[in-house]
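Report on the following structure.
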């Protein structure tokens, strides 16, 4: 008989509060964008294997995770800020993020956070040839609505379609298309 380890969760709202206070001005992603990412990722203090079989902790952090460490709110916030900054740099550098409105930027940062920069920019076609993604091409043309509508293309993880990614990509698409008031 195997004993299943119970997940040690944390509150996304608490981590967002820490980011807002301790890291104010260090990320462009809005509170609404942070909520989208946090709600999709969840928050765990204990390391676990995500659906793509990658060791993960906190709010979707995968870099330098120690398999036996129980992470504090402060550690989770610090890891998350680093991950958010990496996603934001990707969007600014490769997708003209500085020209996007806040909702477009937040949605694209969420996608880059989840898939990684290369996963958002490149795919391998059926012949094994690397190609630029259509979402990247639309961003280069500054066709923001067309870019947003390609977010649902990215719903596979570990080689299969994942319901959680379908839900997340649709939430990103809706946010991305929403005008900033």
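The values are calculated or read from the model by the stated rules, or taken from the named source; none is laboratory data. Everything numeric in this text was worked out from a predicted model, so none of it was measured. Please note: Cβ atoms are built from the backbone with ideal geometry, for glycine as well, and neighbour counts cover all protein chains shown.
Some points to look at:
- Among the candidates 99, 75, 88, the residue that is out of contact with any helix residue (DSSP H, G or I) (no Cβ under 8 Å at 6 or more places or on another chain), modelled with pLDDT of 95 or more and under 28 Å from residue 140 (Cα atoms) is uniquely 99.
- Residue within region 123-136 that is within 29 Å of residue 55 (Cβ to Cβ), assigned to a helix (DSSP H, G or I), modelled with pLDDT of 95 or more and in contact with a strand residue (DSSP E or B) (Cβ under 9 Å, 6 or more places away or on another chain) present: yes
- Whenever a residue of region 110-129 is on the phi > 0 side of the Ramachandran plot and without any contact (Cβ under 8 Å) to a residue 60 or more places away in the chain, its partners that are surrounded by 12 or more Cβ atoms within 10 Å (Cβ to Cβ) and assigned to a helix (DSSP H, G or I), lying with C-beta atoms within less than 9 angstrom and at least six residues away or across chains, give the pairs 116/86; 116/87; 116/90.
- Filter result (in a helix (DSSP H, G or I) and over 16 Å from residue 116 (Cβ atoms)) within region 160-170: 163, 164, 166, 167, 170
- Of all the numbered requirements in (1) at pLDDT 95 or above; (2) under 26 Å from residue 53 (Cα atoms); (3) more than 18 Å from the chain's Cα centre (by Cα), residue 145 misses one, and that requirement is (2).
- Out of 70, 49, 11, 55, sole residue that is more than 28 Å from residue 151 (Cα to Cα) and more than 12 Å from the chain's Cα centre (by Cα): 70
- Flag for residue 120 being under 21 Å from residue 27 (Cβ atoms), crowded, with 16+ Cβ neighbours inside 10 Å and modelled with pLDDT of 95 or more: yes
- Hits in region 67-87 - residues which are surrounded by fewer than 22 Cβ atoms within 10 Å (Cβ to Cβ) and more than 28 Å from residue 6 (Cβ to Cβ): 85, 86
- Remark: residue 109 matches the filter, which requires a residue to be modelled with pLDDT of 95 or more, under 24 Å from residue 164 (Cα atoms), under 12 Å from the mean Cα position of the chain (by Cα) and not in a loop (DSSP other than H, G, I, E, B).
- Residue match in region 92-100 (condition: surrounded by 13 or more Cβ atoms within 10 Å (Cβ to Cβ), touching a strand residue (DSSP E or B) at 6+ places or on another chain (Cβ under 6 Å) and in a loop (DSSP other than H, G, I, E, B)): no
- Total residues in region 148-159, condition modelled with pLDDT of 95 or more and either at positive phi or assigned to a helix (DSSP H, G or I) (or both): 4
- From the options 6, 22, residue that is in contact with a helix residue (DSSP H, G or I) (Cβ under 9 Å, 6 or more places away or on another chain) and over 27 Å from residue 181 (Cβ atoms): 22
- For region 41-58, residues that are under 16 Å from residue 81 (Cα atoms) and not in a strand (DSSP E or B) total 3.
- Being in a helix (DSSP H, G or I), farther than 18 Å from residue 106 by Cβ and in contact (Cβ under 8 Å) with a residue 40 or more places away in the chain holds for only one residue in 18, 37, and it is 18.
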